[in-house]
Amino acid sequence: MNRRRKRRTVRTASRDTLSRTYDKAAKELLATRSILAPVLQETVAEFRGLSLETIARDCIEQDPWISEVPVEPGRTNRRFRRRATRKLRGLATEQSERDEGYITFDLLFYARVPGTGERIKFLINIEAQRQDTNYSLLKRAIFYASRLISSQKERDFTGQDYDSICKVYTIWLCFYLPEGEESSMTHYELHEVNDIGSHREEKENYDLINVTTVHIGEDENPAKLLRFLRLVFFSRLSEEMIARKLEQDFGVKTDEDARKGLTNMCNLSEGIKEEGRAEGRAEGEARTWVASVRNIMKNMKLTAQQAVEAVAVPAQFRKQVLEQVE
């Protein structure tokens, strides 16, 4: 009985490690400009009609913060003020202990509309959950957007200079479907409604929040964004085949960072697929695990043991794999 409990505990720990690593890899892949640009092109009204090259080169102002900026009041601005020039990759492992355990924005970055000088702040959240939440995801999204509005005071504007508030987009990519629903994209924004009289405000004075939710399933909805996200995150093709189809079908030219990200996702998907299979694999399969572990170690800077756990190498191959990669 105790042995069974121990095996279940180890298996659960392995799944948890794989889930966290998969979530991290998904965020890092989405943070690359060549993958991020098609998402922005389809979800941001100001970017529709712009080329992917223009969005990636001229609109995205900096590399995104990844799981670094806390959501909680009083903590958001502290991260914004520590703006680094280097690429920010990985979870907030280098941040102050005082922020550990706090909820953070998954991806967060500034962007501009070319030719206008208008500044728009984007928040992109990736929900790694495979099932619906037990609370309203929309209410959470609105809370996040509101935090990004209120946190601008004394950072993007001071005193009563409210005309300098930046517009906020919060885009939620949810890799699951609520029960009974199909893949969808829905956005929520502020509108002017005249109850009495004919007063009119300039749209720029109230068009400050846009919440977009995208639910991605494996159904056959032909929408461009859904097909793109399925290919990147659901496909069982090789990294080379995915990169080729991205260029052929969507005009997306993957850069080195995106290629590394696709490789990591493919390796981790293989780990998910292989977990729990029967023992007795051929030598050729062992070589495949060695290659996957080496790729994860190189691209995500993990130790051999961490990489073995991340891709869920079967127990019968672990010793062999560790001996070959260490």
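The values are calculated or read from the model by the stated rules, or taken from the named source; none is laboratory data. Computed from a predicted structure; not experimentally measured. Cβ sites come from the backbone with ideal geometry, for glycine too, and all protein chains shown count toward neighbours.
When you scan region 106-131, how many residues do you find that are at pLDDT below 75 and either hydrophobic (A, V, I, L, M, F, W, C) or not in a strand (DSSP E or B) (or both)?
12
Is there a residue in region 275-289 that is part of a helix (DSSP H, G or I), surrounded by 12 or more Cβ atoms within 10 Å (Cβ to Cβ), modelled with pLDDT under 90 and among the aromatic types (Phe, Trp, Tyr)?
yes
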Check your understanding: Could you say whether any residue in region 64-79 is part of a helix (DSSP H, G or I), at pLDDT 55 or above and surrounded by 16 or more Cβ atoms within 10 Å (Cβ to Cβ)?
Key -> no
Exercise for review: Kindly indicate whether any position in region 184-201 is within 23 Å of residue 27 (Cβ to Cβ), out of contact with any Pro (no Cβ under 7 Å at 6 or more places or on another chain) and among the small types (Gly, Ala, Ser).
Suggested key: yes
Review point. Got a sec? Which of 188, 135 is surrounded by fewer than 11 Cβ atoms within 10 Å (Cβ to Cβ) and over 18 Å from the mean Cα position of the chain (by Cα)?
Key: 135
Review point. Between residues in region 165-179 that are of a type in the set (D, E, K, R) and residues that are crowded, with 19+ Cβ neighbours inside 10 Å and assigned to a strand (DSSP E or B), which pairs lie under 8 Å by C-beta distance while being six or more apart or on different chains?
Key: 167/120; 167/121; 167/210
Exercise for review: State all residues of region 224-256 that are in contact (Cβ under 8 Å) with a residue 12 or more places away in the chain, out of contact with any helix residue (DSSP H, G or I) (no Cβ under 8 Å at 6 or more places or on another chain) and surrounded by fewer than 21 Cβ atoms within 10 Å (Cβ to Cβ); if no residue qualifies, say none.
Suggested key: 230, 234
Check your understanding: What single numbered condition from (1) outside any helix (DSSP H, G or I); (2) modelled with pLDDT of 75 or more; (3) of a type outside the set (D, E, K, R) fails to hold for residue 293?
Key -> (1)
